[in-house]
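Visitor: Take this structure, written in structure tokens, and hold onto it; I'll ask about it next.
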Amino acid sequence: MNYIYEKGNDLVLKCVDDISEENWIKKQFADRNLAKIRKAFNFKKSDIIDQRELDAGEEEMDGFEYNFRIGTKVGSYYKLSKSVFGIENDIYIKVGSDFTMKHFVTTNNASVIKRLDDLIIEPLYIGGDESGNGKIPSKEYNELLKLLPNGYEVKLYSNARIESTLSNFLETKESSTTKFNNYLNKKLEQLNNPDLAKLFDEYEIQKLNTILEHLEDMLKSERKYSEKQWQDQILNILILLFPKYIAVFKEVKFKDIYSGKTRRLDYVLVDYLGHIDIIEIKKPMESAMISNSHYRDNHIPKRELSGTIMQIEKYIYYLNKWGKKGEDELTKEYKNCLPKGMKIRITNPNGLIVMGRENNLTIEQLSDLEIIKRKYKNVIDIISYDDLIKRIKITIEQMSKV
């Protein structure tokens with residue numbers, strides 16, 4: 001029985017011989033002044049920290065216990081003994097990493113540390129959360145260990161090699177090569193298909209919670225913001241929520257080819273392919289979206305909403321008519337704000353409206369508002385601030401379940 005533990009300034013391997021009647025470690029020292037354990041540790045007598053004979057009942061076994069020093073603390077790491085592991089490079093283990101025997105020895109008793117040493121030419125620091133500059137975090141080190149062959153894999157490989165030779169002379173019992181390849185494919189598929197969502201969920205949840213908190217604070221004190229300040233803050237939030245957009249252009253001028261007038265867009269969003277969309281951001285007025293009264297038994301869009309929809313539809317129409325000439329002019333105007341070689345594209349731009357509140361609407365009003373939203377869905381996405389909050393909360397809830 002062997003296990004790794006920390007003691008003072010030392011990283012220690014405890015070895016308990018509870019099987020043989022003879023103290024086999026003592027015998028190795030007597031025969032060759034060296035004790036080899038699990039084919040991975042080579043100890044001299046000077047590596048012994050302490051030793052004792054175990055009495056029956058003390059640890060429910062007879063036998064002998066040895067505690068060997070395998071590393072010495074240097075700063076926040078243990079420097080592994082070169083003589084114990086038979087290595088040439090300096091290899092360090094992070095203090096408090098809680099590593100076990102599997103981090104040092106494979107199931108077929110091959111030294112993991114020696115394997116690493118054969119591949120590196122500079123110091124290696126294992127454990128903790130830091131990466132880069134010769135440091136490999138605990139999580140990545142555990143993934144690395146999965147690449148090492150276990151006893152079953154070695155057996156399959158050996159059988160496949162033997163079968164390859166025998167099959168030249170006679171029929172073999174089964175296809176060991178196929179069995180080995182199937183096992184290897186399954187192993188590689190598991191290693192090369194990590195759940196990326198889980199890797200980033202913690203960060204994404206923290207990001208979304210921060211956005212949600214900031215948005216709710218803004219809605220509680222909207223009067224503190226000028227219209228431009230409000231628009232800039234909401235725009236920052238939307239860029240984080242919709243990462244397909246890589247750039248925002250403000251005060252964009254374009255030509256109305258029918259009237260000859262120069263018109264202006266407050267904000268234009270650019271996606272990763274250079275396509276542009278239009279966004280209108282209004283401060284949150286509770287009564288800005290849908291009427292309280294009925295028109296022919298329906299709640300209808302209020303002037304603020306219908307006017308904004310009409311404005312965006314006209315802008316989209318003008319931009320499409322501007323066409324290639326507009327693409328060239330916008331590309332030239334904003335080339336310093338775009339990735340090298342990217343060209344602005346005007347291809348049926350979409351519109352996005354962020355405005356109004358839904359928190360005080362009746363069920364009937366909400367139903368009619370949803371009909372209005374869906375009517376324009378193919379061209380314009382209409383989002384209220386309550387809708388935006390709901391989207392963020394649901395996303396956080398779903399990610400937290402994973």
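The values are calculated or read from the model by the stated rules, or taken from the named source; none is laboratory data. Quick caveat, the model's predicted, so the values are computed rather than measured. For neighbour counting, all protein chains shown are included, and Cβ atoms are generated from backbone atoms with ideal geometry for every residue, glycine included.
Visitor: When you go through (1) closer than 22 Å to ASN108 by Cβ; (2) at pLDDT 75 or above; (3) in contact with a helix residue (DSSP H, G or I) (Cβ under 8 Å, 6 or more places away or on another chain) one by one for ASP17, which number turns out not to apply?
Guide: Condition (2) is where ASP17 drops out.
Visitor: Residues that are touching a helix residue (DSSP H, G or I) at 6+ places or on another chain (Cβ under 8 Å) and part of a helix (DSSP H, G or I): does segment 240-255 have at least one?
Guide: yes
Visitor: Suppose we keep only residues that are hydroxyl-bearing (Ser, Thr, Tyr) and either within 23 Å of the chain's Cα centre (by Cα) or modelled with pLDDT under 65 (or both) within segment 171-227. Which one would you say is nearest to ILE389 (Cα to Cα)? If you could, list the steps in order and put the result at the bottom.
Guide: We begin by selecting, within segment 171-227, every residue hydroxyl-bearing (Ser, Thr, Tyr); these are 172, 175-178, 183, 203, 210, 221, 225-226.
Checking the rest, the ones that are also either within 23 Å of the chain's Cα centre (by Cα) or modelled with pLDDT under 65 (or both) come to 172, 183, 203, 210.
Details: THR172: 66, TYR183: 47, TYR203: 19, THR210: 12 Å.
This residue is THR210.
Visitor: Which one is farthest from LEU265 (Cα to Cα), of the residues in segment 342-378 that are among the β-branched types (Val, Ile, Thr) and touching a helix residue (DSSP H, G or I) at 6+ places or on another chain (Cβ under 9 Å)? Walk me through it before giving the result.
Guide: Initially, segment 342-378 is screened for residues among the β-branched types (Val, Ile, Thr), giving 344, 346-347, 353-354, 362-363, 371-372.
Within this subset, residues satisfying the condition of being touching a helix residue (DSSP H, G or I) at 6+ places or on another chain (Cβ under 9 Å) are 344, 346-347, 353-354, 372.
Numbers: ILE344: 16, ILE346: 14, THR347: 17, ILE353: 13, VAL354: 15, ILE372: 24 Å.
The qualifying residue farthest from LEU265 (Cα to Cα) is ILE372.
Visitor: Further question on the same structure: Give the residue that is nearest to LYS255 (Cα to Cα), with candidates limited to residues of segment 307-337 that are surrounded by fewer than 14 Cβ atoms within 10 Å (Cβ to Cβ) and of a type in the set (Gly, Ala, Ser).
Guide: Applying the filter and picking the extreme gives GLY323.
Visitor: Here are the criteria: (1) in contact (Cβ under 8 Å) with a residue 40 or more places away in the chain; (2) in contact with a Ser or Thr (Cβ under 9 Å, 6 or more places away or on another chain). Tell me which single one LYS302 does not satisfy.
Guide: Condition not satisfied by LYS302: (1).
Visitor: Still on this model: I need the full set of residues from segment 104-127 which are free of Cβ contacts under 8 Å to residues at least 60 places away in the same chain, more than 15 Å from LYS79 (Cβ to Cβ) and in contact with a helix residue (DSSP H, G or I) (Cβ under 9 Å, 6 or more places away or on another chain), in order please.
Guide: If the condition is that a residue be free of Cβ contacts under 8 Å to residues at least 60 places away in the same chain, more than 15 Å from LYS79 (Cβ to Cβ) and in contact with a helix residue (DSSP H, G or I) (Cβ under 9 Å, 6 or more places away or on another chain), then THR106, THR107, ASN108 are the ones that fit.
Visitor: May I pose another question? Are any residues in segment 49-66 closer than 11 Å to LEU13 by Cβ and modelled with pLDDT under 90, and if so, which ones?
Guide: Listed by number, the list holds a single entry, TYR66.
Visitor: Within segment 345-355, does at least one residue satisfy the condition of being in the same structural domain as LYS282 (by TED's automatic domain parsing), over 21 Å from PRO301 (Cα atoms) and not in a loop (DSSP other than H, G, I, E, B)?
Guide: Scanning segment 345-355 turns up at least one residue that is in the same structural domain as LYS282 (by TED's automatic domain parsing), over 21 Å from PRO301 (Cα atoms) and not in a loop (DSSP other than H, G, I, E, B).
Visitor: Then there is this: Go through segment 243-255 and give me each residue that's crowded, with 16+ Cβ neighbours inside 10 Å and either aromatic (Phe, Trp, Tyr) or farther than 17 Å from GLU280 by Cβ (or both).
Guide: Passing the criteria: TYR245, ILE246, ALA247, PHE249, PHE254, LYS255.
Visitor: Whether any residue in segment 321-334 is free of Cβ contacts under 8 Å to residues at least 40 places away in the same chain, closer than 30 Å to ARG263 by Cα and part of a loop (DSSP other than H, G, I, E, B) is what I want to check.
Guide: Within segment 321-334 (the criterion being free of Cβ contacts under 8 Å to residues at least 40 places away in the same chain, closer than 30 Å to ARG263 by Cα and part of a loop (DSSP other than H, G, I, E, B)), the answer is no, since none of the residues qualifies.
Visitor: State all residues of segment 342-379 that are among the aliphatic types (A, V, I, L, M), under 35 Å from the mean Cα position of the chain (by Cα) and farther than 12 Å from ALA288 by Cα; if no residue qualifies, say none.
Guide: MET342, ILE344, ILE346, LEU352, ILE353, VAL379
Visitor: Give me the residue from segment 376-402 that is assigned to a helix (DSSP H, G or I) and farther than 22 Å from PRO284 by Cβ and, out of that set, modelled with the lowest pLDDT.
Guide: Result: LYS401.
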